[in-house]
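*Asks:* The following block contains the structure, expressed as structure tokens.
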Amino acid sequence: MAYAWEVSEAQIPSMYRQATLEGIERWFSHGSALDGYELQQTMVRVVDGAHHETDSNDLSYTFAAAEAFALAVNAAELIDRPLAFNKAELRSHSGQKRTFNSTSQS
């Protein structure tokens, strides 16, 4: 999966970039999410976001990115049923740190 980071530092500070990409990866890595289908040659573009000085944190960006990815897949109508966003499933894996190999743009 490749990434294009198209948001400014004011929209999503770089300190939350890893958490944002982690949310997409966590959602994507659960095979049941796409009924066993695999997305290949996928480019994920992060094009918008928001930051709040006191309310922003890594977990919030992880959840928001996962939910946005699920909504995008639903909008593309890639499978026959709407995908669910499961915060509990993502939270159960929140202790895992992952490294991303991406073709993201700074």
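What follows draws every value from the coordinates through simple rules; no lab data is involved. Just so you know, these numbers come straight off a predicted model, no measurement behind them. Glycine gets a Cβ as well: all are built from the backbone with ideal geometry, and neighbour counts include every protein chain shown.
*Asks:* Could you line up 21, 59 from fewest to most neighbouring Cβ atoms inside 10 Å?
*Replies:* 59, 21
*Asks:* Please list, ordered by chain and number, the residues whose modelled amide H lies under 5 Å from the amide H of residue 45; skip anything fewer than 5 residues away on the same chain.
*Replies:* Hits under the 5 Å cutoff: 4.
*Asks:* Expressed in nm to one decimal, what extension gain is obtained for the pair residue 39 and residue 11 from 0.36 nm per residue of sequence separation less their Cα-Cα distance?
*Replies:* Taking 0.36 nm per residue and subtracting the Cα distance, the gain is 7.3 nm.
*Asks:* In what order do 17, 26 fall by count of nearby beta-carbon atoms within 10 Å, going from fewest to most?
*Replies:* 17, 26
*Asks:* Rounded to the nearest 0.05, what FRET efficiency is calculated for residue 67 and residue 47 with R0 set to 22 Å and r the Cβ-Cβ distance?
*Replies:* Approximately 0.90, to the nearest 0.05.
*Asks:* Which order results if 54, 20 are arranged by neighbouring Cβ count within 10 Å, fewest first?
*Replies:* The fewest-first ordering by Cβ neighbours comes to 54, 20.
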